[in-house]
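Heads up: the structure comes next, in structure tokens.
The values are calculated or read from the model by the stated rules, or taken from the named source; none is laboratory data. A quick note: this is a predicted structure, and the numbers were derived from the prediction, not measured. As a convention, Cβ positions derive from the backbone with ideal geometry for all residues, glycine included, and neighbour counts pool all protein chains shown. The accessibility values were calculated without ligands, DNA or RNA, using every heavy atom of the protein model including side chains. Shrake-Rupley method; radii C 1.70, N 1.55, O 1.52, S 1.80 Å.
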Amino acid sequence: MTPELTALALAILLQAAQFCLMAIPANLELGPGKTLSPRDPDRLGKPILDQVSTKTGRLIRAMNNHFEALILFTATVAVISLADKNTGFSAICAWTYLGARILYVPAYYFGLTPWRSLIWFVGFTATMLMLLSAFM
């Protein structure tokens, strides 16, 4: 497996870990009546993010943010792999993305400003540089 595909597989496992990190406190705070429901607005009363603690809300937002970032990263790894443009540079970019996403979770959880945004930017930039490298 190429380094880019390995980083992608680990990023997917990170997403699963983030889901567990979010789901446990969310279930404890909301109870199964809400978490197992279809989450209709009339049943919940207000959005889930308004009903959980600040830190659980941050875990939810960090997880959702990774879903968004993972879409771009997955597409980029597919382009690199299918175009046979795997290089040392693309591998460094892939590992940089993964490292940034790992650091992003505690940075978001602990509200580290402006570090959370800078870490996000590092991961995004690594993804875009890796994609651009496919054109070289």
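Computed from point charges on the beta carbon alone (+1 for Lys and Arg, -1 for Asp and Glu), the dipole magnitude for the chain about its Cα centre is near 300 Debye. Based on C-alpha pairs under 8 angstrom that are at least 6 apart in sequence, the chain has a relative contact order of 33 percent.
Here the range 60-118 has 72 percent of its accessible surface on carbon and sulfur atoms, given a 1.4 Å probe and all protein chains in place.
Where in the range 22-42 is the amide nitrogen less than 19 Å from a point lying 7 Å along the Cα-to-Cβ axis of Lys55? Within reach of a label on Lys55: 22-31.
One equal scatterer on each Cα of the range 70-136, no solvent, Debye formula: the resulting log10 I(q)/I(0) at q = 0.15, 0.22, 0.23 Å⁻¹ is -0.46, -0.81, -0.86.
Taking the dipole about the Cα centre of the chain, with the C-beta of Lys and Arg at +1 and of Asp and Glu at -1, give me whichever of Leu5, Phe135, Met22 is farthest to the positive side. Highest projection toward the positive end goes to Met22.
Subtracting the Cα-Cα distance from 0.36 nm times the residue separation, let me have the gained length for Leu112 to Leu13 in nm, one decimal.
Gain in length upon complete extension: 33.3 nm.
Under 16 Å of direct C-alpha separation, and excluding same-chain neighbours fewer than eight residues apart, Lys34 reaches these lysines: Lys46. For the range 1-45, give the percent of accessible area contributed by carbon and sulfur heavy atoms, probe 1.4 Å, rounded to a whole number. Carbon and sulfur atoms account for 71 percent of the accessible area of the range 1-45.
Remark: the range 84-97, residue by residue, has Karplus-estimated 3J(HN,Hα) of 6, 10, 5, 9, x, 5, 5, 5, 4, 4, 4, 5, 5, 4 Hz, where x stands for each Gly or Pro and the curve is 6.51 cos²θ - 1.76 cosθ + 1.60 at θ = phi - 60°. Per residue of the chain, the DSSP helices (runs of n ≥ 4 H) give a summed -39500 (n - 2.57) that works out to -26500 deg cm²/dmol at 222 nm. Per residue, the accessible area of the chain comes to 57 Å², computed with a 1.4 Å probe over protein heavy atoms only. Scaled against 2.2 N^0.38 Å for its residue count N, the alpha carbon radius of gyration of the chain is 1.21.
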